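For reference, the structure discussed in these notes is given below.
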Amino acid sequence: MAKLSGRVVSVHAGKNNDLSKDASASIQLELDGVVGDRHRSHSRKAWAGDKQDEGTVRRNERQWSAVSAEELAEISAAMDLVEPLAAGRLGANLCIEGIDQLSRLPKGTTLEFPSGAVLVVEEYNPPCHDMGTLLAAECATKSGDKLSSTAFSKAAKLTRGVVGVVDVPGTINAGDSVAVDVYTSPSWLIRDID
């Protein structure tokens, strides 16, 4: 596994109706997710676009979400925003800096924190249309042009962050270091396809 290191810029949790999450000095992780967060659960209902029928109860692979400060800056610039997007506004639990292309971390990658907490990446977090509609209604552009409800989805394609599960409980603080072990398939698992 390749090793990377970064820093936690901010942490967030909450159940706000506008999909945002409140900033905090720290968040507590349990095996079912972030304490006090809307996504905390061992299971969730499938929605349109999942492999299962909508409403099917399935394993929750989205117990936490993370974005990178660098990718947020890219999205904000692409949307021509007066005020840059904040991680909590996008509903992320973590904002991390120093990890190049955070959104492209592969499934199985681990994020380890000083408390001993360990998170496992499950998948890329695609931008959602509901968030795009909310942002279009409240964000101003430098040009003065009105944002479309699809502006966020277009700007955040492949830079929206990652989601995953809690592997080891613990606390994550704003300012903590984060050690990232990027998953690579072991050589014995790679097979030739003729």
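Results, tabulated for the structure shown:
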quantity: Test: residue in the range 84-92 that is closer than 23 Å to residue 11 by Cβ and not in a loop (DSSP other than H, G, I, E, B); calculated: no
quantity: Failed item, numbered, when residue 134 is tested on (1) within 23 Å of residue 9 (Cβ to Cβ); (2) in a loop (DSSP other than H, G, I, E, B); calculated: (2)
quantity: Filter result for the condition that a residue is surrounded by fewer than 23 Cβ atoms within 10 Å (Cβ to Cβ), among the aliphatic types (A, V, I, L, M), within 20 Å of residue 21 (Cα to Cα) and modelled with pLDDT of 95 or more, over 78, 117, 86; calculated: 86
quantity: Neighbours by Cβ (under 9 Å, 6+ apart or cross-chain): first from the range 169-189, among the aromatic types (Phe, Trp, Tyr); second part of a loop (DSSP other than H, G, I, E, B); calculated: 183/1; 183/105; 183/106; 183/107; 183/108; 183/109
quantity: Residues of the range 28-44 that turn out to be surrounded by 14 or more Cβ atoms within 10 Å (Cβ to Cβ) and modelled with pLDDT under 90, as a count; calculated: 1
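The values are calculated or read from the model by the stated rules, or taken from the named source; none is laboratory data. All values reported here derive from a predicted model rather than from experimental measurement. So basically every Cβ, Gly included, is an ideal-geometry build from the backbone, and we count neighbours across all protein chains shown.
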